[in-house]
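A.B. asks: Take this structure, written in structure tokens, and hold onto it; I'll ask about it next.
Rule-based calculations on the coordinates, nothing more; no lab input. The structure presented is a predicted model; accordingly, all values stated were derived computationally and were not measured. Cβ placement follows ideal geometry from the backbone for every residue including glycine, while neighbour counts extend to all protein chains displayed.
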Amino acid sequence: MAPPAGTIRPGRYLSIFVLIIVALYSLVFLTGDREPTPKLGIDLQGGTRVTLTARTPDGQEPSQDQLDQARQIIETRVNGIGVSGAEVVLDGSNVVITVPGEEGEQAKNLGRTAKLGFRTVINAQPVQQQGQQGQNGQQGQQGQGDGGQQDGGQQNGQDSPDAAGSPQGGGGSQPQSDEDVAREIREAKQVRQNPALDPGRNPQQGASQQAMQLQQQAMASLTCSGNDPLVGNDDPNRPLVTCNEAGTEKYVLSPVFLQGTQVDDASAQFNPQQGGWLVNLQFKGEGTETWAEYTAQNTGANAAFVLDTRVVSAPTINEPIPNGRTQISGEFTEEEAQNLADILKYGSLPLSFESSDATTVSPTLGLASLEAGLIAGAIGIALVFVYCLIYYRMLGVLTVLSLALSAMIVYAVLVLLGRWIGFTLDLAGVAGFIIAIGVTADSFVVYFERIKDEMRDAKTFRSAVPRAWVRARRTILASDAIMFLCAGVLYALAVGEVRGFAFTLGMSTVLDLIVVFLVTHPLVAMVSRSKKLSSPKLSGLGTVQRLGSQRRGGVHISQTKAATNTKGA
């Protein structure tokens with residue numbers, strides 16, 4: 001006779017679960033070079049979150065392709081500076097950079113457009129600041145044939161995003177509309193990128209004098225403070241009037257003769273001779289040829305390295321540099337040199353961005369958040385345990401054991417996901433796990449109540465378990481399927497921390513099925529087959545057992561009376 005549906009061999013299922021646990025923790029302890037702990041997000045271990053808002057020259061919304069390309073480049077920059085657990089996501093027209101730990105300060109510079117161009121200095125003049133004349137940044141350079149070293153424009157090492165030129169004198173504190181931004185860009189181009197500023201482009205008589213007048217007017221209207229509307233929006237085919245990064249020099253520059261996209265590599269290096277930091281540049285093949293030709297034909301001229309419309313360095317070309325090896329030097333700190341090298345190395349962004357928000361969470365606050373999350377989870381688990389032990393007794397013990405084994409799987413999976421896909425656990429993820437505790441406990445309750453229903457219908461504990469499982473598993477599968485579908489939709493539509501919540505909720509739902517099928521049901525089946533463990537006093541099923549016995553007895557008496565009456569007739 002075939003066993004009833006739902007009857008299983010508990011040892012086989014529990015053996016499969018043990019193999020899964022052994023496999024997971026073997027991967028945890030035998031693979032990777034990190035501690036067997038999950039990665040924590042910014043709100044749990046501290047870090048920096050920077051929100052960058054995209055803007056376009058015409059004030060229109062940026063295309064999705066531009067945003068995707070910008071996100072990929074910024075993500076490459078983040079990976080290039082070696083931070084772990086960083087995340088770069090799109091939130092509408094914003095790019096949100098999240099860097100956990102103490103390396104987040106570098107993330108604030110990753111949104112720079114890094115539009116590098118090489119221009120010839122046509123004119124330059126110092127800026128008067130508080131009655132003191134600014135220093136001319138065009139210091140001499142000793143180009144050395146093979147080394148190609150350039151000692152460049154002097155700067156004060158302040159790399160503030162506000163140190164740029166603007167004909168309006170810099171933006172105020174009030175946010176600008178897209179129309180205002182577009183108008184400001186057009187006005188800046190008319191004054192600071194007038195083609196007539198470059199006398200070499202106009203062969204007509206008197207062009208040089210006209211160009212000088214326009215140059216003086218443009219530099220007079222230019223202030224070297226405030227946000228520059230031309231950042232990321234300047235035309236490389238036109239001349240440019242701008243300032244250096246320190247705000248001490250004003251320049252009139254020729255159109256770009258060499259694009260920064262021809263930079264093959266960039267790195268920061270300490271210069272032991274001068275005791276400062278510099279940036280090494282290596283050009284690509286075409287860029288090397290262009291640079292070699294330019295330095296050969298423009299010996300004695302000043303070449304400006306212009307990054308996002310600001311002059312980083314304006315050295316004098318003393319001799320040809322045939323191999324493309326170039327150095328940008330100035331009063332860089334180590335951090336500034338490394339930031340500049342990283343930005344130049346990983347490419348230009350297709351859009352210009354401004355930092356609309358930068359939040360830094362201290363490790364102390366992150367630790368407090370982690371403790372609060374763990375306390376909340378512990379309270380939730382404790383309440384579930386107390387309820388199950390009081391109401392279900394032995395079945396409640398199985399619930400506690402199942403949840404503990406579920407926690408073992410979750411922990412191992414978190415560690416492995418952190419190593420393999422860079423998953424970080426944040427407060428939203430902790431909330432997802434706390435909710436998942438209720439989902440898992442709900443599966444147990446459904447199963448146990450089905451057992452009670454079967455026992456009320458005159459079934460014994462042992463015979464009720466397989467029948468109850470057949471009915472309960474349909475409800476459990478349907479419930480978990482709906483929960484997983486909701487988590488999947490939320491993950492697909494949400495961004496940032498909400499996606500972390502959806503991910504952990506969906507993952508916990510899948511693990512819930514594994515625990516219920518491979519642990520809870522086999523354990524209940526084992527208990528039902530033990531006379532001692534299935535006793536009414538331990539199982540907590542005494543009431544339903546008595547009710548089932550009464551029904552069985554009532555049915556037997558009724559059948560006896562019916563038989564007697566029939567026989568008497």
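A.B. asks: Please tell me which of these pairs span more than 25 angstrom C-alpha to C-alpha: Lys115/Lys250; Lys39/Lys115; Lys189/Lys284?
C.D. replies: Violating the 25 Å Cα-Cα cut-off are Lys39/Lys115; Lys189/Lys284.
A.B. asks: Grab the Cα-Cα distance for Thr359 and Thr76, subtract it from 0.36 nm times how many residues apart they are, and report the gain in nm with one decimal.
C.D. replies: Stretched fully, the Thr359-Thr76 segment lengthens by 99.7 nm.
A.B. asks: In whole percent, what relative contact order does the range 187-248 give with Cα contacts below 8 Å and a gap of six or more residues?
C.D. replies: Reported as a whole number, the value is 48 percent.
A.B. asks: Further question on the same structure: Could you calculate the contour length gain from Ile379 to Gln274, that is, 0.36 nm times the residue separation minus the distance between their Cα atoms, to one decimal place in nm?
C.D. replies: Using 0.36 nm per residue and subtracting the Cα-Cα distance, I get 31.7 nm.
A.B. asks: Right, here's the next one. Quick one: go through the range 214-248 and flag any residue whose amide nitrogen is under 18 Å from the point 7 Å out along the Cα-to-Cβ line of Gln128.
C.D. replies: 216-225, 247-248
A.B. asks: Give the shape of the range 415-513 as rounded, prolate or oblate, defined through the alpha-carbon gyration tensor: a ≥ b ≥ c are the square roots of its eigenvalues, a/c under 1.5 means rounded, and otherwise the shape is prolate if a/b is larger than b/c and oblate if not.
C.D. replies: prolate
A.B. asks: Here's another thing I want to ask about it. Please give, to one decimal in nm, the separation of the simple spin-label points placed at Tyr411 and Ala220, each 7 Å out from Cα toward the Cβ.
C.D. replies: 7.5
A.B. asks: How far is it, in nm, from the label point at Gln64 to the one at Glu179 when both lie 7 Å from their Cα along the line to the Cβ?
C.D. replies: 2.9
A.B. asks: Given a Förster radius of 56 Å and the C-beta distance between Ala492 and Glu319 as r, what FRET efficiency does 1/(1 + (r/R0)^6) yield to the nearest 0.05?
C.D. replies: After rounding to 0.05, the efficiency reads 0.40.
A.B. asks: With θ set to phi - 60°, apply the Karplus curve 6.51 cos²θ - 1.76 cosθ + 1.60 along the range 249-263 and write out the HN-Hα couplings as whole Hz, x wherever there is a Gly or Pro.
C.D. replies: Result, ordered by residue: 9, 10, 10, 10, 10, 6, x, 5, 9, 8, 7, x, 5, 7, 6 Hz.
A.B. asks: Just report the Cα centroid separation between the range 460-532 and the range 390-448, whole Å.
C.D. replies: The range 460-532 and the range 390-448 have Cα centres separated by 10 Å.
A.B. asks: Using a Debye calculation, one point per C-alpha and no hydration shell, please list log10 I(q)/I(0) for the range 214-338 at q = 0.20, 0.21, 0.23 Å⁻¹ in order.
C.D. replies: Result of the Debye calculation: -1.32, -1.40, -1.51.
A.B. asks: Once you order the gyration tensor axes a ≥ b ≥ c over the Cα atoms, which shape class does the range 463-508 get: rounded for a/c under 1.5, otherwise prolate or oblate by comparing a/b with b/c?
C.D. replies: Prolate.
A.B. asks: Taking every pair of alpha-carbon atoms in the range 409-472, what share in percent sits in each 5 Å bin, from 0 to the bin with the longest distance?
C.D. replies: Percent of Cα pairs in each bin: 4, 16, 17, 14, 10, 9, 10, 10, 7, 4, 1.
A.B. asks: Apply the a/c threshold of 1.5 to the C-alpha gyration tensor of the range 253-324 and tell me whether it is rounded, prolate or oblate. Display every interim value, and only then the final one.
C.D. replies: Numbers: a/c = 1.34, a/b = 1.31, b/c = 1.02.
Because its axes are fairly even, with a/c under 1.5, the range 253-324 counts as rounded.
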